[in-house]
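Single-structure report; data block below.
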Amino acid sequence: MWLALAFLSAFLLGFYDVFKKKSLRANAVIPVLTLNTLFSSLIFLPFILLSANGTIGSDSLFFTHSYGWAEHKFILLKSVIVLSSWLFGYFGIKNLPLTIVGPINATRPVMVLIGALTVFGEKLSLFQWLGVITAMIGLYLLSRSGKKEGIDFKHNKWIIFVLLSNILGAISGLYDKFLMAPPSAGGVGLDKMAVQSWYNIYQLGMMTLMLLLLWWPTHKRTTPFHWTWGIICISLFLSAADFVYFYSLSHDGAMISIVSMIRRGSVLVSFTFGALVFHEKNLKAKALDLALVLLSMLFLFIGSK
């Protein structure tokens, strides 16, 4: 069951990336991200309120636990990590082709593995090492493909933004394992709905401050903001993808390493739309690079079983 949910989450994430790219074209990043956190918060706020007054029972899939500061401080930290990842990622995807960003994002499981290796002292199997090496080769070839479009991986700040977004995303994935694990296993044992609901609300507060203090005073001299219905679609697909993701992790036997790898399969959706809808260039070379990244995911999958 958790594997099927992971694949569904990957499919939804692909459309999240597509609508993110569409909404950010010639548009201001900070107000788009602020609205994204607003709509996501509005989706989950009813679950918080209805759970608090008893309308949604504790046996419901949508029940959201009430916690004190002892638990909320962990959720607040997740909000900071995720929001930082989103900020870098939004600026990166706005200024780079989706067929470049997608394969880079697909290497995130490699970063999760490296994090597990360095933080938790885990040892990699032969197939996991093959996955890491293949992903690195794919990224190198992708950098060569990017040069044909004038994108230098070493000196392009947007590439650095995407890489930073992925590093922070990998940290968030490892942190999720800590948040969801029961105290007996060294975790916090938080409810998945509480984490997803409250980290959106905390992010809304942070983005509202950023909008008022950083963007609004200079908005007439920077990229203007224009409304597009794709902004709502960002929130809908992201909220659905994350809900399915957290639900999959709540199943017995669910493995964060495998779920993380499967979710990166979202690149197939975003790459297809980048080619067919956004008419991006140099697709043959990028398709080979993407194939290597997907092969690395297969190696990681085999090595993690």
Net charge within 15 Å of Y245 by Cβ-Cβ distance, Lys/Arg positive one each and Asp/Glu negative one each, not counting Y245 itself? +2
Give K22/K281; K157/K286; K20/K73 a once-over and call out the pairs whose C-alpha atoms are over 24 Å from each other. K20/K73
Kirkwood hydrodynamic radius of region 200-275 from all distinct Cα pairs, in Å? 15.8
For the chain, which whole percent of the accessible surface, found with a 1.4 angstrom probe, sits on carbon and sulfur atoms? 70
Ordered by residue, what ³J(HN,Hα) values in Hz, to whole numbers, does region 41-57 give under the Karplus form 6.51 cos²θ - 1.76 cosθ + 1.60, where θ = phi - 60° and Gly and Pro are x? 5, 5, 5, 9, 4, x, 5, 5, 5, 6, 6, 5, 8, x, 5, 9, x
Return the sequence-ordered ³J(HN,Hα) values of region 79-85 in whole Hz as given by the Karplus equation 6.51 cos²θ - 1.76 cosθ + 1.60 applied to θ = phi - 60°, using x for Gly and Pro. 4, 5, 5, 5, 5, 4, 4
Grab the beta carbon distance between T228 and L61, set R0 = 22 Å, and tell me the FRET efficiency rounded to 0.05. 0.10
Add +1 for every Lys or Arg and -1 for every Asp or Glu among the other residues with Cβ under 14 Å from the Cβ of L179, and state the total. 0
Grab the Cα-Cα distance for I137 and A285, subtract it from 0.36 nm times how many residues apart they are, and report the gain in nm with one decimal. 51.9 nm
Taking the chain and dividing mean pair separation by its residue count, relative contact order in percent (alpha carbons under 8 Å, at least six apart): 43
Over its Cα atoms, what ratio of radius of gyration to 2.2 N^0.38 Å does region 167-209 give? 1.31
Going 7 Å from the Cα of D252 toward and past its Cβ, which residues in region 172-209 have a backbone nitrogen under 18 Å from where you end up? 181-185
Mind checking the per residue accessible area of region 1-67 for me, 1.4 Å probe, whole number of Å²? 45
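Sorted by average packing, counted as other Cβ atoms within 10 angstrom per residue and highest first, what order do 209-219, 104-114 take?
Taking the mean over residues of other Cβ atoms within 10 Å, the ranking is 104-114, 209-219.
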Return the label of the correct value of Rg and Dmax of the Cα atoms in Å, as calculated from the structure shown, out of (i) 23.1, 78; (ii) 19.1, 59; (iii) 22.9, 68. (ii)
Excluding F74 itself, calculate the net charge of residues whose Cβ lies under 15 Å from the Cβ of F74, where each Lys or Arg counts +1 and each Asp or Glu counts -1. +1
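The values are calculated or read from the model by the stated rules, or taken from the named source; none is laboratory data. Please read these numbers as outputs of a predicted model, since none were measured by experiment. Please note: Cβ atoms are built from the backbone with ideal geometry, for glycine as well, and neighbour counts cover all protein chains shown. Heads up: the accessible areas ignore ligands, DNA and RNA and are worked out on the full protein's heavy atoms, side chains in. Shrake-Rupley method; radii C 1.70, N 1.55, O 1.52, S 1.80 Å.
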